[in-house]
Amino acid sequence: VQLQASGGGLVQAGGSLRLSCAASGSIFSIDRMGWYRQSPGKERELVADMFSGASPTYAESVKGRFIFSRDSARSTTLQMSNLKTEDTGIYYCNADLWTTADSNTVWGQGTLVTVSS
């Protein structure tokens with residue numbers, strides 16, 4: 001089972017980026033998907049997540065600027081707008097899922113977002 005994240009890059013403050021994450025492998029179901037980030041000198045933090053059938057939740061720092069979407073049972077996007085320099089960091093996709101054998105929490109490889117002033 002893998003999560004593949006993509007879409008990071010360099011953008012000026014005020015700009016937008018769209019991150020995507022797709023899960024692959026022998027997955028029975030995905031209960032929750034989310035995005036975390038780790039900014040320089042800080043611990044990894046939750047940016048947004050969503051349980052299946054529920055509405056997304058957001059960190060206070062990104063409310064009104066980021067939109068989390070479940071595009072399908074196995075994919076998600078994070079639309080980031082009005083980006084700020086403090087949004088710089090490595091963004092990780094995350095999922096709580098069931099395989100045919102057991103439940104797992106899986107992390108993607110991370111994608112770098114750099115917001116310049």
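The values are calculated or read from the model by the stated rules, or taken from the named source; none is laboratory data. This one's a predicted model, so the numbers in the text were calculated from it and none came from an experiment. Don't worry about glycine lacking a Cβ; one is built from the backbone with ideal geometry, like all the others, and counts go over all protein chains shown.
Remarks
- In this structure, T76 does not satisfy being of a type in the set (S, T, Y) and over 10 Å from the mean Cα position of the chain (by Cα).
- Selection status of S117, within 26 Å of A13 (Cα to Cα), touching a helix residue (DSSP H, G or I) at 6+ places or on another chain (Cβ under 6 Å) and not β-branched (V, I, T): yes
- Pairs where the first residue, in the stretch 106-117, is closer than 10 Å to R37 by Cβ and the second is of a type in the set (V, I, T) and outside any strand (DSSP E or B), C-beta under 8 Å, 6+ apart: V113/T88
- Search result, residues across the stretch 73-85 that are among the charged types (D, E, K, R) and more than 15 Å from Y58 (Cβ to Cβ): R74
- Unmet criterion (only one of (1) surrounded by 12 or more Cβ atoms within 10 Å (Cβ to Cβ); (2) on the phi > 0 side of the Ramachandran plot) for T114: (2)
- Residue count for the stretch 45-79, restricted to those that are farther than 13 Å from C21 by Cβ and either hydrophobic (A, V, I, L, M, F, W, C) or at pLDDT 95 or above (or both): 17
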